[in-house]
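First the structure, in the form of structure tokens, and then the observations on it.
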Amino acid sequence: MRVALFITCVNDTLFPGTGKAVVSLLRRLGCDVEFPRAQTCCGQMHLNTGYRRDGVRLARRFVEVFAGYDAVVTPSGSCAAMVREQYPRLAHNPHFAAGASVAAGARRLVPTRAGREFAAAVDEVAPKVYDLSEFLVDVLEVVDVGAYFPHRVTYHPTCHSARGLRVGDRPLRLLRAVRGLELVELPGAEECCGFGGTFAVKNPAMSTAMGTDKVRNVLSTGAEVLCAADNSCLTHIGGMLARERGGVRVMHLAEILASTEGRS
Amino acid sequence: MGGAPSRAPGHAPGPARGRGHVVDLGMPAFPRNAARAVADSQLRFNLRKATHTIRGRRASVVGELPDWMELRAAGKAIKDHTLRNLDRYLLRLERAVTEAGGHVHWAADAAEANRIVAGLVKATGETSVVKVKSMATQEIGLNEALAAEGITAYETDLAELIVQLGDDFPSHILVPAVHRNRAEIREIFLDHMAEWGRPAPEGLSDDPRALAEAARLHLRERFLATKVAISGANFMVAETGTLVVLESEGNGRMCLTLPETLISVVGIEKVVPTWRDLEVFLQLLPRSSTGERMNPYTSTWTGVTPGDGPREFHLVLLDNGRTDVLADEVGRQALRCIRCSACLNVCPVYERAGGHAYGSVYPGPIGAILTPQLRGMGTPLDASLPYASSLCGACYDVCPVAIDIPEVLVHLRGRAPHAPAERAGMRAASWLLSRAGRLAAVQRLAARLRRLIPRRRLPGPLSAWTDTRDIPPVPAESFRDWWDRTEGGTR
């Protein structure tokens, strides 16, 4: 099985440790990943902020770069949801600017050749994109990844992994199987942390108000570590925790799962 | 009641795509309204308590039904079918209402609807009307339009009464006075009831029962004295020409049965083909809305019935931008809305901003997709509404007719005007991300300068992030450079 790692632009630039953790974890489980060197970004920021033309260009790149793999694994629920859930809608929307035109005299929009090719590429690639927890539980069929992490941890199910991908309790099952790890329930876990991509800077007061409530809930658990499967949300919550000297560190799920005895 | 307070009708909407005229409060953009709201601790407390209570109630009664998802799918399908054949069902409805002795009027926009209603009231010779809680009449600013014609409209829904007495604006679809607590309501009753009719009893306490009794006494006089009523409707059944109102208090029932003339102003999207279709919505709506298994007062009427209820019935069918919404293949799903407000109650943004921040009678997630479509995005507020969401998706999950609100928000963001600086930034990001080499070069530059990058004070618009949040340290090496250097950690 050929497995590609989609690191995401945010992790590539700011959180290489998460990428290294994914690589070491998957290798430990007997799965070698490739890193398609041409990859950059799935286009989520552009697409979700209303810059469809720019976003679609990046989406086209994505499906070209990741064509031909059996699986594409990514340590971001949000980017996985963008590709798997949103790309198909984008590609099959008859009004999609770059993919359709009104043929002369025709009353209906007809897809252009480029639009048809994009749709075909999306249909090929999108279903093979997995968030890390999905790949572990559903594809590799493993819940106990042999990790050791003797700390008190609480888990925040990010919106796009919970409501976009519907990963359900897969991350919790993985965490429960980690030796030494004490998992404590996060009150109001399903509520958004207030990151929301460009929302965080377009509506800073609201984003901060939502984050403050999330931080309060995190602190109430007495956990040492806040874990999530998306570094974007963790940057927001962690940035607030750091500002308030909350004494809780944030860690990506991959980093906890990659920890083994003697290396945690 | 000549001394009835009236609200300024608000400025006219600017140039925009939406052709509807929805009452506009002329407020600044959403981020500023929200920033003010999140600093109001009383408002935060009131809203949190109310939304979490209804949210919990809804979740428990929805969870009881093993076939909720099937009901939801049926509700969506019925609405979609009806909207696709709206012309046919509206004509059928018109025929059925007319055959049952009612009169049907067609209103293209708010002004026309207001003109029709004012004319109908004037024809009765009356100068006052009682009102059933109605979103459509709020949308078109009917009370203000009637006041300009010398007609006083009396709200009879308890929450709408509180809003009217307080010269306030509704902040929630289902519970318009959700932003008020009972101490505030007591003060409003004591200060303003006398201006509108029977005064509040002396020594009124803020006990909910005492407040309800004061409202009951005040309203009862009004019901018995008023000969014209104005309502909206939750549903209109095309096959029989029957209108349906769901309410919890019984005031609506009083308005619909006691007066001699009944005028109903209803959006054209409220039609359903048959009574069998209604059955689905009578299950979906109460559970989603008030968190009740069954609705307390469900009133239905078909034209007029001699010796029973109003002698004259007028139905004003309101477009006000709806056919434009219908023309948008993505945005049209907003017309499925049955105004339950489940999306408001579950929304983390609404919970902290309150309804007024949305500057429209339609607040919350549904308002953020409905208002810009009906009214256009010609004002800073309307252009900011599609961005008043973190796209967390909680609204879509609870919507009883499966409106994919995040999808429509993103769709509208694509049509919203973008600030030049933002556009330039996005263009630059797109250029940067369109070649891996460019991204790698910038990553290396950032790594070299990483000690110079302030983690707590970024310049310009990025300060919106660092005002409240640290940025993470820039690593010495990006992932891709690590991969190249170590061949994926194998060397």
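Throughout, read-outs are computed from the coordinates displayed, never taken from laboratory work. Everything quoted here is computed from the prediction, not taken from an experiment. Cβ placement follows ideal geometry from the backbone for every residue including glycine, while neighbour counts extend to all protein chains displayed.
Taking R0 as 30 Å, what FRET efficiency do you get between residue B:432 and residue B:452 from their Cβ-Cβ distance, rounded to the nearest 0.05?
0.90
Please identify, among A:170, A:243, A:179, the residue showing maximal mean-square fluctuation in a Gaussian network model of chain A using a 10 angstrom Cα cutoff.
A:243
Which whole-number percentage describes the relative contact order of chain B, with Cα contacts under 8 Å and a sequence gap of 6 or more?
Once divided by the residue count of chain B, the mean separation gives 22 percent.
Under 25 Å Cα-Cα from residue B:79, which lysines qualify once same-chain neighbours fewer than 8 residues away are excluded?
B:133, B:270
Most mobile of A:37, A:152, A:163 per a Gaussian network model of chain A (Cα springs, under 10 Å)?
Sorting by GNM fluctuation, first place goes to A:37.
Would you compute, from DSSP H runs of 4+ residues alone, the mean residue ellipticity of chain B at 222 nm, taking -39500 (n - 2.57) per run and dividing by the full residue count, rounded to the nearest 500?
Counting only the DSSP helices, I get -14500 deg cm²/dmol.
State the answer as a single residue: which of A:160, A:192, B:441 lies farthest towards the positive end of the charge dipole of the protein assembly as shown, with beta carbon charges of +1 for Lys and Arg and -1 for Asp and Glu, about the Cα centre.
Projecting each Cα onto the dipole axis, the largest value belongs to B:441.
Calculate the mean, over all residues of peptide A:158-167, of how many other protein chain Cβ atoms lie within 10 angstrom of the residue's Cβ.
3
Pairs of Cα atoms under 8 Å, at least six residues apart: use those to get the relative contact order of chain A, whole percent.
19
Which of B:273, A:221, A:146 sits closest to the plus end of the dipole of the protein assembly as shown, meaning its Cα is farthest towards the positive end, when Lys and Arg get +1 and Asp and Glu get -1 on the C-beta?
Of the candidates, A:146 comes out farthest on the positive side.
Please give the average number of partner chain Cβ atoms lying within 10 Å of the Cβ of each residue in B:30-38, rounded to a whole number.
Mean shielding count: 4.
At a Cα cut-off below 16 Å, give the aspartates and glutamates reachable from residue B:49, other chains included and same-chain residues fewer than 8 away excluded.
Once the sequence-local aspartates and glutamates are set aside, what remains near residue B:49 is A:191, A:213, B:40, B:184, B:351.
Testing the spin-label approximation: label points 7 Å from Cα along Cα→Cβ at residue B:279 and residue B:207. State their distance in nm.
4.5
Among A:21, A:162, A:114, whose mean-square fluctuation peaks in a Gaussian network model of chain A (Cα, cutoff 10 Å)?
A:114
Order by neighbour count: B:270, B:122, fewest other Cβ atoms within 10 Å first, most last.
B:122, B:270
Take every residue in peptide A:230-242, count the Cβ atoms of other chains within 10 Å of its Cβ, and give the average of those counts.
Whole-number average of other-chain Cβ neighbours for A:230-242 is 3.
Report, largest value first, the span of the C-alpha coordinates of segment A:3-135 along each principal axis, in whole Å.
For segment A:3-135, the Cα spread along each principal axis is 60, 27, 23 Å.
As a check on your grasp of the helix formula, calculate [θ] at 222 nm for chain A: sum -39500 (n - 2.57) over DSSP H runs of n ≥ 4, divide by the residue count, round to the nearest 500.
-12000 deg cm²/dmol
Which order, highest average first, do A:224-230, A:182-188 follow once you tally other Cβ atoms within 10 Å for each residue and take the mean per peptide?
A:224-230, A:182-188
Using amide H atoms built in the peptide plane, which far-off residues or other-chain residues are under 5 Å from residue A:250 H to H?
Under 5 Å from the amide H of residue A:250 lie the amide H atoms of A:226, each far enough along the sequence or on another chain.
Once you place label points 7 Å from the Cα toward the Cβ at residue A:224 and residue B:69, how far apart are they in nm?
4.0
Hey, got the dipole for the protein assembly as shown? About the Cα centre, +1 on K and R Cβ, -1 on D and E Cβ, debye to the nearest 20?
Result for the protein assembly as shown is approximately 2540 debye, rounded to the nearest 20.
Is there a quick way to get the dipole size of segment B:172-313? I mean about its Cα centre, with the Cβ of Lys and Arg at +1 and of Asp and Glu at -1; what is the value in debye to the nearest 20?
So the magnitude is around 160 debye.
State to the nearest 20 debye the size of the charge dipole of segment B:167-255 about its Cα centre, where the only charges are +1 on K and R beta carbons and -1 on D and E beta carbons.
In total the dipole reaches around 340 debye.
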